Amino acid sequence: MFGVWGHDKAAEITYYGLHAMQHRGQDGAGVVVTNGEKLQLHKDTGLVNDVFKRFDFSKYPGRGAVGHVRNATQDDGTFDNVQPFVFRTLEGSTAIAHSGELVNAKTLRKELEESGSILQTTSDTEILAHLMKKNGEKTTEEAILSGLERLIGAYAYIVMTEDKMYVALDPRGIRPLSLGRIGDAYVVASETCAFSIVGATYEREVLPGELLTISDEGIKSTRFSLREPRSLCAMEYVYLSRPDSDLNHENVHASRKRMGIELAREAPIVDADIVTGVPDSSISAAIGYAEMCGIPYEMGIIKNRYVDRTFIQPSQELRDQGVKMKLSPVRGIIEGKKIVMIDDSIVRGTTCKRIVRLLKEAGAKEVHVRISSARIEHPCYYGIDMSSREELIAANYDTEAMRELIGADSLAFLSPEGMDKSIIREKTLNQGLCKACFTGDYPVLEKGEKKDFFRKY
Ligand code: AMP
């Protein structure tokens with residue numbers, strides 16, 4: 001998500017911000033802009049560049065804008081679910097963009113439908129709009145706050161009317177959201193890498209349970225919840241975010257490198273020939289691991305960066321002939337070597353298995369897999385695309401059985417404690433993590449609540 005308020009080129013700035021965060025979602029993109037009197041929306045399925053290829057920014061003037069890139073978490077990659085959404089009433093229009101996932105979405109949808117609301121999409125985002133409408137005709141701070149009160153789960157919202165922008169983060173701060181400035185203008189973004197590209201300076205984190213109201217009069221903060229500590233999604237550090245982003249005051253590359261160092265302490269290999277990482281998200285950890293073990297880091301695997309979801313996949317026949325798409329082993333580096341292969345995580349195990357095979361086919365003598373995060377044994381209910389236990393290999397097999405399935409000579413994971421040690425540097429900055437997918441400890445649960453909480457909703 002990206003938002004800007006108080007800039008003459010709001011729509012254009014938002015486009016560049018979204019482009020920097022393309023890795024967060026490739027299924028759709030959209031921008032809404034306000035000129036103080038009306039909202040104009042442009043959105044479509046596909047990559048940011050495709051959606052805005054023939055877009056004429058001069059026809060979308062205005063000093064406030066909200067943008068979103070979509071990552072379909074369920075089988076719902078349709079146009080209807082592409083954000084932002086715009087709701088138009090006699091009292092004015094409201095745009096909404098959302099990141100995360102609501103735990104009690106089903107209950108709220110049912111309740112809304114029973115009281116006469118007709119929901120247009122299968123997305124959680126729409127729910128807040130309907131809750132707000134039930135609390136008054138106009139979109140106001142009070143209406144938003146009473147809507148937010150009903151939500152359980154992970155959410156970051158940007159809501160925009162003709163003359164105001166509202167920014168909200170859930171009480172645990174599970175999803176990342178930062179505030180910056182470009183001169184007098186305010187910007188908000190899921191990742192700080194979007195600030196660099198538009199020349200914005202980082203101001204601060206949006207706080208857990210905080211609602212910001214931004215308008216031409218300035219910025220106002222309301223804390224609607226004070227539940228310490230923060231539980232920022234650990235998968236943001238492990239896999240999702242860009243290495244040049246800072247999440248809650250910690251640089252992502254530096255955190256990943258420390259995870260690699262910690263992994264080398266917990267599961268060292270001293271007599272390997274090279275350490276290599278799976279591009280792009282595992283390179284930082286591989287550098288850390290290599291440094292700690294004193295083994296050279298080598299570029300053993302190359303990624304073809306032009307393979308994305310729009311790439312025409314070769315037919316089964318061509319795949320059988322060995323037409324490989326995304327990752328290629330560097331034979332000259334790998335052949336005859338004992339290799340440590342670092343990957344950032346194992347979710348379903350299919351990619352990992354494929355890479356081990358690639359390395360062995362390219363002549364690797366041994367492949368020792370080291371994973372720079374813990375075993376993912378529990379589904380995510382907060383917006384990371386792994387929502388069922390069945391699909392998670394670590395939920396169904398122990399580490400030795402996984403080693404055999406992926407065909408590695410050895411396999412080890414970083415411990416959850418090792419992750420904490422690597423990521424959390426400054427407890428005074430409230431740098432708690434959500435590690436629910438690793439530990440089963442879901443942070444929206446109050447003390448004493450049971451895990452079957454989720455079945456209730
Ligand atoms: P696999 O070996 O098939 O479990 O795939 C794991 C790889 O996918 C890791 O190297 C991660 O970089 C990446 N990954 C981790 N989490 C996700 C996710 N939720 N969606 C897509 N890819 C992911």
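The values are calculated or read from the model by the stated rules, or taken from the named source; none is laboratory data. The model shown is predicted, which means the values in this text are computed figures rather than measured ones. FYI the Cβ positions are ideal-geometry reconstructions off the backbone, even for glycines, and counts take in every protein chain you see. Just so you know, the surface numbers come from the protein's heavy atoms only, side chains and all, with ligands and any DNA or RNA stripped out. Shrake-Rupley method; radii C 1.70, N 1.55, O 1.52, S 1.80 Å.
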Being at positive phi and assigned to a loop (DSSP other than H, G, I, E, B) is the filter here; which residues of the stretch 86-126 pass it?
G116
Among the strands (runs of 3 or more DSSP E) lying completely within the stretch 1-69, list those that include at least 1 residues that are of a type in the set (S, T, N, Q) and open to solvent by 10 Å² or more (accessible area, probe 1.4 Å).
39-45
Which of (1) crowded, with 22+ Cβ neighbours inside 10 Å; (2) modelled with pLDDT of 95 or more does R230 not meet, given it meets every other one?
(2)
Single unsatisfied condition, S328 versus (1) near the ligand (Cβ under 10 Å from one of its atoms); (2) over 17 Å from E404 (Cβ atoms); (3) of a type in the set (S, T, N, Q)
(1)
Given the criteria at pLDDT 90 or above, assigned to a strand (DSSP E or B) and polar (S, T, N, Q), does S146 qualify?
no
Just wondering, is there one or more residues in the stretch 126-143 that are touching a His at 6+ places or on another chain (Cβ under 7 Å) and farther than 16 Å from A168 by Cα?
no
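Rundown of residues vs (1) among the hydrophobic types (A, V, I, L, M, F, W, C); (2) more than 15 Å from R370 (Cα to Cα), yes/no style:
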| residue | (1), (2) |
| --- | --- |
| I197 | yes, yes |
| Y202 | no, yes |
| T213 | no, yes |
| S245 | no, yes |
| V275 | yes, no |
| A285 | yes, no |
| N304 | no, yes |
Residues that are farther than 29 Å from Y381 by Cβ and within 16 Å of the ligand (Cβ to nearest atom), drawn from the stretch 258-278
V275, T276, G277
Exactly one of S255, S281 is at pLDDT 95 or above, within 16 Å of the ligand (Cβ to nearest atom) and either crowded, with 24+ Cβ neighbours inside 10 Å or in a loop (DSSP other than H, G, I, E, B) (or both), and that one is S255
Filter result for the condition that a residue is more than 28 Å from A374 (Cα to Cα) and out of contact with any strand residue (DSSP E or B) (no Cβ under 8 Å at 6 or more places or on another chain), over S225, S221:
S225
Single match in I342, I384 (criterion: open to solvent by less than 30 Å² (accessible area, probe 1.4 Å), modelled with pLDDT of 95 or more and touching a helix residue (DSSP H, G or I) at 6+ places or on another chain (Cβ under 8 Å))
I342
Answer with yes or no whether K447 is open to solvent by 20 Å² or more (accessible area, probe 1.4 Å), modelled with pLDDT of 95 or more and within 25 Å of L232 (Cβ to Cβ).
no
Matching residues in the stretch 347-396 (within 10 Å of the ligand (Cβ to nearest atom), part of a loop (DSSP other than H, G, I, E, B) and without any contact (Cβ under 8 Å) to a residue 60 or more places away in the chain) number 5
Give the stretch 265-278 a look and list any residue that's touching a Gly at 6+ places or on another chain (Cβ under 7 Å) and crowded, with 19+ Cβ neighbours inside 10 Å, or say none.
I274, T276
So A412 clears everything in (1) in a loop (DSSP other than H, G, I, E, B); (2) over 25 Å from P443 (Cα atoms) except one condition, right? Which one?
(1)
Based on what the data block shows, is L18 among the aliphatic types (A, V, I, L, M) and touching a helix residue (DSSP H, G or I) at 6+ places or on another chain (Cβ under 8 Å)?
yes
The lone condition M132 fails out of (1) in contact with a Lys or Arg (Cβ under 8 Å, 6 or more places away or on another chain); (2) buried (at least 21 other Cβ atoms within 10 Å of the Cβ) is (1)
So which of Y239, Y289 is of a type in the set (F, W, Y), on the phi < 0 side of the Ramachandran plot and buried (at least 23 other Cβ atoms within 10 Å of the Cβ)?
Y289
Go through the stretch 127-143 and report how many residues are part of a loop (DSSP other than H, G, I, E, B) and touching a residue at least 60 places away in the same chain (Cβ under 8 Å).
0
Output for Cβ contacts, cut-off 9 Å, separation at least six or different chains, first residue β-branched (V, I, T) in the stretch 226-246, second modelled with pLDDT under 95, reads V238/S281
Restricting the stretch 232-251 to residues that are part of a loop (DSSP other than H, G, I, E, B) and closer than 16 Å to G173 by Cα, the residue that is farthest from the ligand (Cβ to nearest atom):
H249
So is A412 of a type in the set (G, A, S) and surrounded by fewer than 22 Cβ atoms within 10 Å (Cβ to Cβ) or not?
yes
